[in-house]
Amino acid sequence: MPGGFSFGDYVRAGVILARLLSAKLNKEIKAFVEDNRAILGICNGFQVLVEYGLLPGFEGIAPFPKATLTTNVPQGYNCRWIHVKQENKSKCKFTNKIPLGEVIHLPIAHSEGRFLFPKEQQERMLDKLYEEDMIVFRYCNENGDFGNKEYPINPNGSFHDIAGICNKEGNIFGLMPHPERAFYWWQKPDWTKYNNNPKCGDGKMIFESIINNLI
């Protein structure tokens, strides 16, 4: 599920497309998920997965959203390159080519990317994410230090600096940064710093990971 602004982000980002998919394809999507097929949601796609109930996915597909991706803090559209640290030990099928603790460079472009749980549940939900190895990316600086929700290291105020999560099985992955915009070396904003051009952008590793998993 790609990025963009489906249905103009009216009501909430991703909610209309999520409800449309549920109404039209619920049976097929449920069968797809139960067959352990891979689903990737980027930016608006991540919002759709959360609104649908596919993520976090503590107990399969939820009948209503268990989290939200809401208005940025500071408020407004944020388009920049950021750093995220790979925090998933082994669960996520989309990051097996990225070593644990690796810091990668990806762009963001969103107004509603602040990942939140209900306030009274957030610590319990965070514990569950760690227990099930469901946290994948967290916003950080280039040295891998977390910003503790501080801008601009954390560009939207996400709880626990969360930039991407997977479900309990690891086959559904949602993230706010855009790996498809960091696929080729010439898409990187700092490519002129290199004497020899890098072979690829960091986002390519996400797509290579899932291809390797499928093979």
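The values are calculated or read from the model by the stated rules, or taken from the named source; none is laboratory data. Since the structure is predicted, the reported quantities are computational estimates derived from the model, not experimental observations. Virtual Cβ from ideal backbone geometry, glycine too; neighbours counted across all protein chains shown.
Please state which one of Phe32, Phe94 is modelled with pLDDT of 95 or more, surrounded by 23 or more Cβ atoms within 10 Å (Cβ to Cβ) and of a type outside the set (Gly, Ala, Ser).
Phe94
Identify, by number, the condition in (1) at pLDDT 95 or above; (2) part of a loop (DSSP other than H, G, I, E, B) that Phe173 doesn't meet.
(2)
Scan segment 131-142 and give yes if some residue there is surrounded by fewer than 23 Cβ atoms within 10 Å (Cβ to Cβ) and under 17 Å from Cys79 (Cα atoms), otherwise no.
yes
Rundown of residues vs (1) surrounded by fewer than 19 Cβ atoms within 10 Å (Cβ to Cβ); (2) in contact with a Lys or Arg (Cβ under 8 Å, 6 or more places away or on another chain); (3) touching a residue at least 12 places away in the same chain (Cβ under 8 Å); (4) among the polar types (S, T, N, Q), yes/no style:
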{"site": "Asp161", "(1), (2), (3), (4)": "no, yes, yes, no"}
{"site": "Gly170", "(1), (2), (3), (4)": "no, yes, yes, no"}
{"site": "Phe173", "(1), (2), (3), (4)": "no, yes, yes, no"}
{"site": "Pro179", "(1), (2), (3), (4)": "no, yes, yes, no"}
{"site": "Ala182", "(1), (2), (3), (4)": "no, yes, yes, no"}
{"site": "Trp186", "(1), (2), (3), (4)": "yes, no, no, no"}
{"site": "Thr192", "(1), (2), (3), (4)": "yes, no, no, yes"}
{"site": "Asn196", "(1), (2), (3), (4)": "yes, no, no, yes"}
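If you go through segment 179-215 one residue at a time, how many are part of a loop (DSSP other than H, G, I, E, B) and out of contact with any His (no Cβ under 9 Å at 6 or more places or on another chain)?
10
What number of residues in segment 77-94 are over 13 Å from the mean Cα position of the chain (by Cα) and aromatic (Phe, Trp, Tyr)?
Adding up the residues that qualify gives 2.
Across segment 42-73, what is the number of residues that are out of contact with any helix residue (DSSP H, G or I) (no Cβ under 7 Å at 6 or more places or on another chain) and more than 21 Å from Gly3 (Cβ to Cβ)?
6
Yes/no matrix, rows are residues, columns are (1) free of Cβ contacts under 8 Å to residues at least 12 places away in the same chain; (2) closer than 24 Å to Ile215 by Cβ:
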{"residue": "Val33", "(1), (2)": "no, yes"}
{"residue": "Arg37", "(1), (2)": "no, yes"}
{"residue": "Cys43", "(1), (2)": "no, no"}
{"residue": "Ala62", "(1), (2)": "yes, no"}
{"residue": "Thr70", "(1), (2)": "no, no"}
{"residue": "Val73", "(1), (2)": "no, no"}
{"residue": "Glu102", "(1), (2)": "no, yes"}
{"residue": "Phe115", "(1), (2)": "no, no"}
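Let me spell it out: the conditions are (1) modelled with pLDDT under 95; (2) over 21 Å from Gly76 (Cβ atoms), and Gly147 meets all of them except one. Which number is the exception?
Result: Gly147 fails condition (2) only.
What residue, among those in segment 1-31 that are in contact (Cβ under 8 Å) with a residue 40 or more places away in the chain and in a helix (DSSP H, G or I), is nearest to Glu208 (Cα to Cα)?
Applying the filter and picking the extreme gives Ser6.
Residues being among the hydroxyl-bearing types (Ser, Thr, Tyr) and either closer than 16 Å to Thr68 by Cα or surrounded by 17 or more Cβ atoms within 10 Å (Cβ to Cβ) (or both): count how many of those fall in segment 118-130.
0
Taking segment 110-167 as the search range and keeping residues that are among the aromatic types (Phe, Trp, Tyr) and assigned to a loop (DSSP other than H, G, I, E, B), which one is nearest to Asn36 (Cα to Cα)?
Per the stated criteria, the residue is Phe117.
Report yes if some residue within segment 41-60 is part of a loop (DSSP other than H, G, I, E, B), surrounded by 13 or more Cβ atoms within 10 Å (Cβ to Cβ) and among the β-branched types (Val, Ile, Thr); otherwise report no.
No; the residues of segment 41-60 include none that is part of a loop (DSSP other than H, G, I, E, B), surrounded by 13 or more Cβ atoms within 10 Å (Cβ to Cβ) and among the β-branched types (Val, Ile, Thr).
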